[in-house]
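A quick write-up on the structure given underneath.
The values are calculated or read from the model by the stated rules, or taken from the named source; none is laboratory data. This one's a predicted model, so the numbers in the text were calculated from it and none came from an experiment. Cβ placement follows ideal geometry from the backbone for every residue including glycine, while neighbour counts extend to all protein chains displayed. Please note that ligands, DNA and RNA were not included when accessible areas were found on the heavy atoms of the full protein model with its side chains. Shrake-Rupley method; radii C 1.70, N 1.55, O 1.52, S 1.80 Å.
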Amino acid sequence: MPATRDHKPHATGRVPAGDVSQRVGVEQMTARGLNIEELREKLIDAAGAEFTTYYYYTILRMHLAGKEDYKEICEDARLEDRSHFELITPRIYELGAGLPRDIREFADRAGCPDAYLPANPTAVDILTVLLEAERCAIRTWNEICDLTLGKDPRTYNLASRILQEEIEHEAWFIELLSMERDGVARPSGHFRRGTPGDAPHSKNLPFYVP
Ligand SMILES: [Fe+2]
Ligand SMILES: [Fe+2]
């Protein structure tokens, strides 16, 4: 039935007019069967992993000293993790949750292991840490995509943009580790980002004007 002057089907809903204690943007997702509490917790864990990985990649990049090509790729992945943190954090607040008050709690609940500098930080060992960190990120964002597909288009959009970059990062580190460790070419198809921190999929500047 089409809307008419007297019938606007979306003008009212379950949330009473003027009620600021509830969000239609959340209620609509619940109505579609999404477990909001579960999503909030997984997003905080995922944001923690992006934040801590950004920190640890700083150290890993430093110890790729003398390998300018590896440093540049590591730097792109590092800055894009920062972009992922920036992109997903506002969504956590929109959903009525927030970051832990204490950064120690935030780091402890990160959804991926600490990407520690290896005891003997050879390029092979560092690239292995980087590769496995990307793989954890891919699993994480795929899970968020699965949870939100068809139920929460906004979180799905953000998570799928992050996921695209994580998949690229895995391909970069497979290429570098395969050649460095095994002498085998497994091309990623990648040449280079425009500038460090380019984040072609996850940068929020064109989308986010506070
Ligand atoms: Fe990331
Ligand atoms: Fe990544």
Quick one: is ARG154 within 19 Å of MET29 (Cβ to Cβ), more than 16 Å from ligand 2 (Cβ to nearest atom), charged (D, E, K, R) and crowded, with 17+ Cβ neighbours inside 10 Å? no
Do we have GLU165 as under 19 Å from ALA115 (Cβ atoms), touching a Phe, Trp or Tyr at 6+ places or on another chain (Cβ under 7 Å) and touching a residue at least 40 places away in the same chain (Cβ under 8 Å) here? no
ALA115 open to solvent by less than 20 Å² (accessible area, probe 1.4 Å), touching a Phe, Trp or Tyr at 6+ places or on another chain (Cβ under 7 Å) and outside any helix (DSSP H, G or I): yes
Can you tell me which of (1) farther than 15 Å from THR53 by Cα; (2) open to solvent by 40 Å² or more (accessible area, probe 1.4 Å) is the one ARG91 doesn't meet? (2)
Go through the range 53-67 and give me each residue that's in contact (Cβ under 8 Å) with a residue 24 or more places away in the chain, part of a helix (DSSP H, G or I) and more than 16 Å from ligand 1 (Cβ to nearest atom). ILE59
Quick check, is PRO100 away from ligand 1 (no atom under 16 Å from the Cβ) and either open to solvent by 20 Å² or more (accessible area, probe 1.4 Å) or without any contact (Cβ under 8 Å) to a residue 40 or more places away in the chain (or both)? yes
Does the range 169-205 hold any residues that are part of a loop (DSSP other than H, G, I, E, B), more than 16 Å from ligand 2 (Cβ to nearest atom) and modelled with pLDDT of 95 or more, and which are they? GLY183, VAL184, ALA185, ARG186, PRO187
Filtered residue count, the range 120-146, keeping only those that are more than 16 Å from ligand 1 (Cβ to nearest atom) and modelled with pLDDT of 95 or more: 9
Pairs please, first residue from the range 68-88 and within 11 Å of ligand 2 (Cβ to nearest atom) and of a type in the set (Lys, Arg), second anywhere and in a helix (DSSP H, G or I) and open to solvent by less than 10 Å² (accessible area, probe 1.4 Å), Cβ atoms under 9 Å, 6+ apart in sequence or on different chains. ARG78/TYR57; ARG78/LEU60; ARG82/GLU50
Given the condition over 26 Å from LEU158 (Cα atoms), away from ligand 1 (no atom under 16 Å from the Cβ) and open to solvent by less than 20 Å² (accessible area, probe 1.4 Å), answer yes or no: does some residue in the range 16-35 qualify? no
Take the conditions under 23 Å from ALA159 (Cβ atoms), within 15 Å of ligand 1 (Cβ to nearest atom) and not in a loop (DSSP other than H, G, I, E, B) and apply them to LEU87. Does it pass? yes
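Yes/no matrix, rows are residues, columns are (1) open to solvent by 80 Å² or more (accessible area, probe 1.4 Å); (2) among the small types (Gly, Ala, Ser); (3) away from ligand 2 (no atom under 16 Å from the Cβ):
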{"residue": "GLU105", "(1), (2), (3)": "yes, no, yes"}
{"residue": "ASP108", "(1), (2), (3)": "yes, no, yes"}
{"residue": "THR128", "(1), (2), (3)": "no, no, no"}
{"residue": "THR148", "(1), (2), (3)": "no, no, yes"}
{"residue": "GLN164", "(1), (2), (3)": "yes, no, no"}
The one condition in (1) under 26 Å from ASN157 (Cβ atoms); (2) in contact with a helix residue (DSSP H, G or I) (Cβ under 6 Å, 6 or more places away or on another chain); (3) within 16 Å of ligand 1 (Cβ to nearest atom); (4) open to solvent by less than 30 Å² (accessible area, probe 1.4 Å) that ARG82 fails to fulfil: (4)
Counted residues in the range 22-63 being of a type in the set (A, V, I, L, M, F, W, C), more than 16 Å from ligand 2 (Cβ to nearest atom) and within 23 Å of HIS84 (Cα to Cα) come to 8
